[in-house]
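The next block holds one structure in the form of structure tokens; read it before the comments.
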Amino acid sequence: MAHDLSPELIRRPVSVLVVGCGGNGSAITAGLPYLHQAMLVHGHRGGLEVTLMDGDAISATNCVRQPFSQAEIGHSKAVVLVSRLNLFWGLRWRAVPEHFSAQTNVDRVDILIGCVDSRGARKVVAHKVTGRRSDVSYWLDLGNHATGGQFVLGQPWNWANKRSATRLRTVAELFPELVEPSLDNDGLPSCSAWEALERQEPFVNPTLANHALALLARLFRHGSIAYHGAFVNVAGSRVQPLVADPALWRALRTRGKRRIRGL
């Protein structure tokens, strides 16, 4: 099954909200200006208008796996990243140095890119993009573990995306276990640089982000995609695409529910 891009997202600038500026968020943010430029070259009317959102300040541990320096410790992640991009690319993108919450306004957001680090946070995002009050067209979620991760581009069931057998299912629908807060660990950050490296292989985040960016690039360049995500394993150098297939969606959701009941 092929998914076609709405003509509405070709005729005007596309509003993008990146939630989380950590490992995945900073990696995908670094690639968004390239996507923006490519869209303009291919005739898109306006490219991307990006807002970065993260309430965290840069810590010493962040300087190990994330693109921050010792001189930036204590400053807002979102502000630092957007300032760099605007200065280098001549952009006017925005930063919101706050945590995403149930009170966050997602009006006029076309694509929400979720790069959160807990199931609880992902559940909050899922609630905000779903329902009659939301008109978010796409929710791109990235999540990772020690040696890989997954990304899923979905169309939340809301005002913009009506009920349909062909609507791209979101990460919350396909993998309900990923929005179950009771399955989260303690949620505490790594207490040292050594621990940060022990928990995750290097280059997991940029590898995952580049594959997600390639999906968006294909969607906007060709106007159609046959897959809407993938499972990436850095240790085994494997990428398994998530095809747009209603039968597969049903199987994945059923398996996820069984995992939750079995815990």
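Across the stretch 1-42 the C-alpha pair distances fall into 5 Å bins from zero in the proportions 5, 17, 22, 22, 18, 14, 2 percent. When only the Cβ of Lys, Arg, Asp and Glu is charged (+1, +1, -1, -1), the dipole of the stretch 1-74 relative to its Cα centre reaches about 200 debye.
Taking 19 Å as the straight-line reach from the Cα of Lys162, the lysines in range (excluding those fewer than 8 positions away in the same chain) are Lys128. By accessible area, using a 1.4 Å probe on protein heavy atoms only, the stretch 42-135 has 49% of its surface on carbon and sulfur.
For the chain, relative contact order (Cα pairs under 8 Å, six or more residues apart, normalised by length) works out to 21 percent.
Hey, can you rank 211-217, 170-176, 33-39 by average C-beta count inside 10 Å, highest first?
On the way: 211-217: 20.3, 170-176: 23.3, 33-39: 18.0.
Per-residue Cβ counts within 10 Å, averaged per peptide and sorted highest first, yield 170-176, 211-217, 33-39.
For the chain, what proportion of DSSP beta bridges, expressed in % and rounded to the nearest 5, is antiparallel? Among the beta bridges of the chain, antiparallel pairing accounts for roughly 50 percent.
Per-residue ellipticity at 222 nm from helix content only, as computed over the chain with -39500 (n - 2.57) for each DSSP H run of at least four residues, stands at -11000 deg cm²/dmol.
Computed with a 1.4 Å probe over protein heavy atoms only, the accessible surface of the chain comes to 51 Å² per residue.
Just to confirm my numbers, what's the Cα centroid distance between the stretch 48-101 and the stretch 208-225 in Å? A separation of 23 Å, based on Cα centres. What does the charge count around Ser83 come to, taking other residues whose C-beta lies under 12 Å from its C-beta (Lys +1, Arg +1, Asp -1, Glu -1)? Summing Lys and Arg as +1 and Asp and Glu as -1 gives +3. The Cβ shell under 13 Å around Thr207 holds other residues with a net charge of +1, Lys and Arg each +1, Asp and Glu each -1. So the label point goes 7 Å from the Cα of Glu177 along Cα→C-beta, right? Which residues of the stretch 119-133 then have their backbone N under 19 Å from it? Residues passing the 19 Å test: 119-123.
Could you check how many percent of all C-alpha pairs in the chain are farther apart than 22 Å?
Working: 18868 of 34453 pairs.
Value for the chain: 55 percent of Cα pairs lie more than 22 Å apart.
The values are calculated or read from the model by the stated rules, or taken from the named source; none is laboratory data. These numbers were taken from a predicted model, which means no experiment stands behind them. As a convention, Cβ positions derive from the backbone with ideal geometry for all residues, glycine included, and neighbour counts pool all protein chains shown. SASA here: full protein model, heavy atoms, side chains in, ligands and nucleic acids out. Shrake-Rupley method; radii C 1.70, N 1.55, O 1.52, S 1.80 Å.
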